[in-house]
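Heads up, the thing below is written out as structure tokens.
The values are calculated or read from the model by the stated rules, or taken from the named source; none is laboratory data. All values derive from a computational prediction rather than experimental measurement. FYI the Cβ positions are ideal-geometry reconstructions off the backbone, even for glycines, and counts take in every protein chain you see. We work out accessible area using only protein heavy atoms, side chains counted, and drop any ligands, DNA or RNA first. Shrake-Rupley method; radii C 1.70, N 1.55, O 1.52, S 1.80 Å.
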Amino acid sequence: MGSRRLSLNQIFNKKSLICIFTGFTSGLPLFILISLLPAWLRSSGLDLKTIGLFALIQFPFTWKFIWAPLFDRFTFSMGRRRGWLIIFQILLLISISLTGLINPTNQITVIAAISTVIAFFSASQDVVIDAYRRELLLDHELGLGNAIHVNAYKIASLVPGSLSLILADIFAWEYVFLVTGLFMLPGIVMTILIKEPDLTTSKPKTLKEAIIEPFKEFKNRKGLKNALLILLFIFLYKIGDSMATALSTPFYLDLGFSMTEIGLIAKNAGLWPGILGGLLGGIWMIKLGINKALWIFGVLQMLATISFAWLAHVGYNNLVLAITVSLEFFAGGLGTTAFVAFIAKTTNPKYTATQFALFTSLASVPRTITNASTGYLVDFFGWQDFFIFCALLAIPGILLLFKIAPWHQSE
């Protein structure tokens, strides 16, 4: 594999700083939907089955590859990526800030509608951010650059999953959502200050080319069989981890933890392990390569899921809660870092937005469709057996690594 050296310039540079901001502004809207929204609905008296079904509002993350070609083909005055990005960031700030004005007890349909709108804006922002980041980073920078992005993505969860929950014990929900929405401002400032990446490839000349060629190019480059295996792997690799965390906040509430305890312990216990996992993931990938990282991080991710079953068995215990969340953030950060780097490496720079959107859309299917069943699965299994079931779901994705990323394969 050759010598892999790590210098401080690879970690502390302008590109790394940009990846911090892209990760934070990308993660914030999603974690509002999967952390803050369920807590709001649960505290308003909604049952777990209804809250679980709210995962269906995330369909835009599954289907974003359909409109992604528009972002490869058309350009605004601020540039091919920045022009689209500033539009979606401003729309997200407005829609998130207004959500708290709705009453969950008698306007659940309106909440579902505005949540779907937020999901659409968020998914579209992700398409543009992923494309920008892939075009910004050179191939040898993908591991660490995506590690920093994923790490900042995880840190963004501490706003809706920690700060907002603490504020909810003090202020009305309308103010909680307003403050949470204002955290989109750093991303807006970043978009104004950064420049478009320098590209050696030209953008698609027609919308037809932007729609059809990304899929043809991927199939021809990998071969039909390998292309299908890659798509199946992308679907399965994070499915267990995703389902295990889908109802984490209602899970903590059911164990008897207060909103403030969840905010201070459950979320902040993941801060430093999340930072450590994200950075170590990028550094280890430089040493290991993406293939070996996918193996090691995938197994650690599965073990972290089992720790939730341990918490369910123990019940209300602040120390066990802190350990469980720390393991999840650390292992989840490692797994996501390798996973995103693998996806980025698989794309062609000419069709970055569409191909990246296709791959990440597949990865989001479990979070959107299968997660909608989590409330019913918990009702059937109980919390402890549910988490064991989620851990077992990680095995097929790991086994596909024999074909997708063999341990000894040269990269």
From the Cα trace of the range 38-175, what convex hull volume per residue do you get, rounded to a whole Å³?
128 Å³
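How much length, in nm to one decimal, is gained on full extension between VAL299 and PHE380, taken as 0.36 nm per residue of separation minus their Cα-Cα distance?
Once the chain is fully extended between VAL299 and PHE380, it gains 26.5 nm.
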By Kyte-Doolittle mean hydropathy of at least 0.0 and Cα axial length of at least 27 Å, which whole DSSP H helices of the chain are selected?
108-136, 290-314, 318-346
Taking r as the C-beta separation of LEU101 and ASN13 and R0 as 35 Å, the FRET efficiency to the nearest 0.05 is 0.25
Magnitude of the charge dipole, the range 84-192, Cβ model with Lys/Arg +1 and Asp/Glu -1, debye to 20
100 debye
Cα-based radius of gyration of the chain once divided by 2.2 N^0.38 Å, which approximates compact folds
0.93
Relative contact order of the range 112-244, defined on C-alpha pairs under 8 angstrom at six or more residues apart (%)
22 percent
Calculated FRET value between ASN317 and LYS49, using beta carbons and R₀ = 25 Å, to 0.05:
0.40
Can you compute the label reach from SER373? Point 7 Å from Cα along the Cβ direction, backbone N cut-off under 20 Å, restricted to the range 22-60.
48-60
Share of alpha-carbon pairs per 10 Å distance bin for the range 309-351, given as whole %
25, 30, 21, 15, 9, 1
With all protein chains present and a 1.4 Å probe, how do GLU196, GLU135 order by accessible area, largest first?
GLU196, GLU135
Taking the Cα of LEU231, stepping 7 Å toward and past its beta carbon, and measuring to each backbone N in the range 48-69: which are under 20 Å?
59-69
Just read off the accessible area of HIS140 with the full protein assembly in place, 1.4 Å probe, to the nearest 10 Å².
130 Å²
Connecting every pair of Cα atoms under 10 Å apart in the chain and solving the GNM, the largest mean-square fluctuation among LYS14, LYS154, LYS287 falls on LYS14
Given a cut-off of under 8 Å on Cα pairs at least six residues apart, what relative contact order in percent is computed for the chain?
30 percent
Unit-weight point scatterers at every alpha-carbon of the range 237-352, Debye formula, q = 0.12, 0.13, 0.21 1/Å: log10 I(q)/I(0) is -0.46, -0.53, -1.08
Reachable lysines from LYS287, Cα under 17 Å, same-chain residues fewer than 8 places away excluded?
LYS345
Assigning unit charges at the beta carbon (Lys, Arg +1; Asp, Glu -1) and nothing else, what dipole magnitude in debye, to the nearest 20, does the chain show about its Cα centre?
1520 debye
